[in-house]
Amino acid sequence: MSNTKILVIEDNEDLSFSIAKVLKKEGHSVFVSQTGEEGLDIFQKELIDLVLLDLKLPKMDGLAVLHTLKEMDPDTAVIMMTASTDVKSAIEAMKKGALDYLLKPFELEELKLVVQKALEMHQLKVEVNRLKRSHAKMYPADTLYGESPQIREIRNMIHIVAQTPRTSVLIQGESGTGKELVANAIHYASKRANKPYIKINCSAIPDNLLESELFGHEKGAFTDAKAMKKGLFELAHTGTVFLDEISSMKLSLQPKLLRVLETQTFRRIGGITDIKIDVRVIAATNTDLGELVKNKEFRDDLYYRLKVMEIHLPPLRERKEDILLLAKLFLQEFKKEFNRKVQKFHPETEKLLLDYSWPGNVRELKNVIERSVILAQGDTILPEHLPVELHEQTTSSAPVMKPSGMTLAEIEKWHIAEVLRSVNGNKSQAAKILDISRSTLREKLKLYQIS
């Protein structure tokens, strides 16, 4: 790794000269100091990638210098250098944040190897931190765009829930309302933000494979178990597991999930040892779990354990003040992506967007704007750039939902029927808008007796 800056703090002038000579030949920029105080002064002025630090220094010793370096920059990579009779001090230094140590006298080849390894680890750490910052920018709580009272309240709930990193969360809402966005925001606003975040769609994995995916298995647990496999809960230790479409989880698997929520322990398939984990579980569904509990299709104890904190996402038709705001955001996004000159919506286009009932919610709106930006040739999105269903179905002609007195199951039945109607019965297109598989759609059509 060339063009890196290395600081050598060593009171032996001959040794520091030899180290500097070797490292310069490797393409590094090298700074040398004989005292800790001078070394710290250089560190403040230069962007140092790696410090080679002697333990025994005049006045300020190596451990004190290490402590100050870590206060100035906790991510500083430091290699300690010490006499072979002082290994305990080197180990103590590693406990305080040193990356590695070299025992004097050491071979110059050993020096090059240890430095190369340290720089590679440092670069990896820098890249991980960059990705973490990128994730933090991608998933802040305010990426749930909107200025309606409902969305403002949900953003407030996200901030509250994020402060309790063990609390399970149940997110309910129709397909396309942004349940995964809420889950992302909760994780990245919490103390678990830098820890694993694992997502799984329970409806996308066959029942016979879901248990192995979640909890893992021991070698020989079943015919195809050729080797031990860690499950997603184990891999997510110290982080968050997001279980989308939790309503699809079969009844026989639910007690095992309940045990994770209550005791933070589980066993791999075929295992005899309890594995202790520390995870937050966030679950999401577009189905009324309460209704499934009544029908004995979902365990009541798991349902109540999941909904310690419950967030309900309203459909887009119930927050019309957000439609144009979201449309303009998507317009800017796709304008950049496709390098288009389109700047605005025609007033009649805006009216059509506002009058449509949006059975596919925000996801459908995003798809519509993407299509419109592609079709628009000038600087304005015209009514003819919108799909035919927006011209055919407006709020005035759409079925009116009762604001109260309907269960979530009834709302879901209505929602599926509306999506099917908007796409003229095209089940593939309906499944895409609903963000479910065709097999899941088939099951729901059968469940709700929708022809």
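Rule-based calculations on the coordinates, nothing more; no lab input. Source: prediction; values computed, not measured. With ideal geometry, Cβ positions are generated from the backbone for all residues, glycine too; neighbour counts draw on all protein chains shown.
Could you give the dipole magnitude of the chain about its Cα centre, charging the beta-carbon of Lys and Arg +1 and that of Asp and Glu -1, in debye to the nearest 20?
Once rounded to the nearest 20, the dipole reads 1080 debye.
With only the Cα atoms considered, the stretch 206-285 has a convex hull volume of 86 Å³ per residue. If you take the Cα centroid of the stretch 242-292 and the Cα centroid of the stretch 340-385, the two points sit 41 Å apart. If the viscosity is 0.692 mPa s and the temperature 37 °C, what translational diffusion coefficient in µm²/s does Stokes-Einstein give for the stretch 1-57 when Rh comes from Kirkwood over Cα pairs? Answer, rounded: 294 µm²/s.
Bridgeable lysines around LYS24 (alpha carbons under 19 Å apart, same-chain partners fewer than 8 residues away excluded): LYS5, LYS112, LYS117.
Shown here: mean projected area of the Cα convex hull in nm², derived from the displayed model; of the candidates (1) 29.1; (2) 22.7; (3) 20.1, it corresponds to (1). Using C-alpha pairs under 8 Å with a sequence gap of at least 6, the mean separation divided by the residue count of the stretch 266-420 gives a relative contact order of 24 percent. Spin-label model, THR167/LYS24: points 7 Å from Cα along the beta carbon direction are separated by 6.0 nm. 3J(HN,Hα) along the stretch 264-273, derived from phi through the Karplus expression 6.51 cos²θ - 1.76 cosθ + 1.60 where θ = phi - 60°, amounts to 6, 9, 7, 10, 5, 4, x, x, 10, 10 Hz, with x in place of Gly and Pro. Computed from Cα atoms, the angle from the helix 438-447 axis to the main principal axis of the chain rounds to 40 degrees. Sites counted here are GluC sites (Glu not before Pro) in a DSSP loop (not H, G, I, E or B) having no more than 10 other Cβ atoms within 10 Å; the longest part of the chain that contains none of them is 148-451. Quick one: of LYS191/LYS427; LYS199/LYS351; LYS104/LYS125, which pairs are farther than 31 Å apart, Cα to Cα? Exceeds cut-off: LYS191/LYS427; LYS199/LYS351. Of all aspartates and glutamates in the structure, those lying under 17 Å Cα to Cα from LYS432, and not within fewer than 8 positions of it along the same chain, are GLU174, GLU180, ASP244, GLU245, GLU364, GLU370, GLU389, GLU412, GLU418, GLU443.
For a distance above 18 Å, tell me the whole-number percent of Cα pairs in the stretch 1-106 that qualify. Summing the P(r) tail past 18 Å for the stretch 1-106 gives 42 percent. Summarising the amide proton neighbourhood of HIS312: residues at separation of 5 or more, or on other chains, whose placed amide H is nearer than 5 Å comprise GLN172. For the stretch 142-292, the gyration tensor built on C-alpha atoms gives a prolate shape. Its axis ratio a/c (a ≥ b ≥ c) is at least 1.5, and a/b is the larger of a/b and b/c.
Calculate the translational D of the stretch 319-398 in whole µm² s⁻¹ from Stokes-Einstein, where the hydrodynamic radius comes from the Kirkwood formula applied to all Cα pairs, the temperature is 20 °C and the viscosity 1.002 mPa s. Display every interim value, and only then the final one.
Values: Rh = 12.4 Å.
The calculation lands on 172 µm²/s.
Total lysine pairs in the stretch 247-315 at Cα distances under 18 Å, for residues eight or more apart or on different chains: 7. Helix 62-72 and the long axis of the chain differ in direction by around 30°, with both axes built from C-alpha atoms.
Between the helical axis of 408-422 and the longest alpha-carbon principal axis of the chain there is an angle of about 80 degrees.
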